[in-house]
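In what follows, a single structure is set out as structure tokens and then discussed.
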Amino acid sequence: MEANFAADDAHPAFLALDGRCPLKPLEFHCTAAEDVLLRATPREPVPHPGHLDMQKKPEIASAVSAGRYRPVRLGSEDVIVVDTTSFHDLDVDALLKAARAHLAAV
């Protein structure tokens, strides 16, 4: 599952889901330096409907500063924080190795 989860909002929802269908989640929490997260450059010349990043920038900046988008942490130690400030510095092989190890243990 991929989405922007506010930890305080998502945690109870995932716990409820776990109660109905036991989960063994592996969370890749992607983050970046705050200035990168808040950069005023839309991804597309005209953002598609539903992407209100530019209109909500002050609200997003406040939420980022407050730590609202920290890892959800579903009581598992399986959280991998991925710093996407520089894609050139990502160790994709290490991420794949972690995912494979998690799947092998499930």
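The values are calculated or read from the model by the stated rules, or taken from the named source; none is laboratory data. Note that the structure is a prediction, hence the values are computed from the model and not measured. With ideal geometry, Cβ positions are generated from the backbone for all residues, glycine too; neighbour counts draw on all protein chains shown.
Tabulated results
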item: Subset of the range 76-95 (residues that are modelled with pLDDT of 90 or more and over 12 Å from Cys30 (Cα atoms)); result: His88, Asp89, Asp91, Val92, Asp93, Ala94
item: Residue that is surrounded by the fewest Cβ atoms within 10 Å (Cβ to Cβ) [pool: residues in the range 42-60 that are modelled with pLDDT under 75 and hydrophobic (A, V, I, L, M, F, W, C)]; result: Val46
item: Among (1) at pLDDT 80 or above; (2) under 29 Å from Ala104 (Cα atoms) - the single one Glu34 does not satisfy; result: (2)
item: Complete set of residues in the range 61-103 that are more than 11 Å from the chain's Cα centre (by Cα), of a type in the set (Val, Ile, Thr) and surrounded by 13 or more Cβ atoms within 10 Å (Cβ to Cβ); result: Val64, Thr85
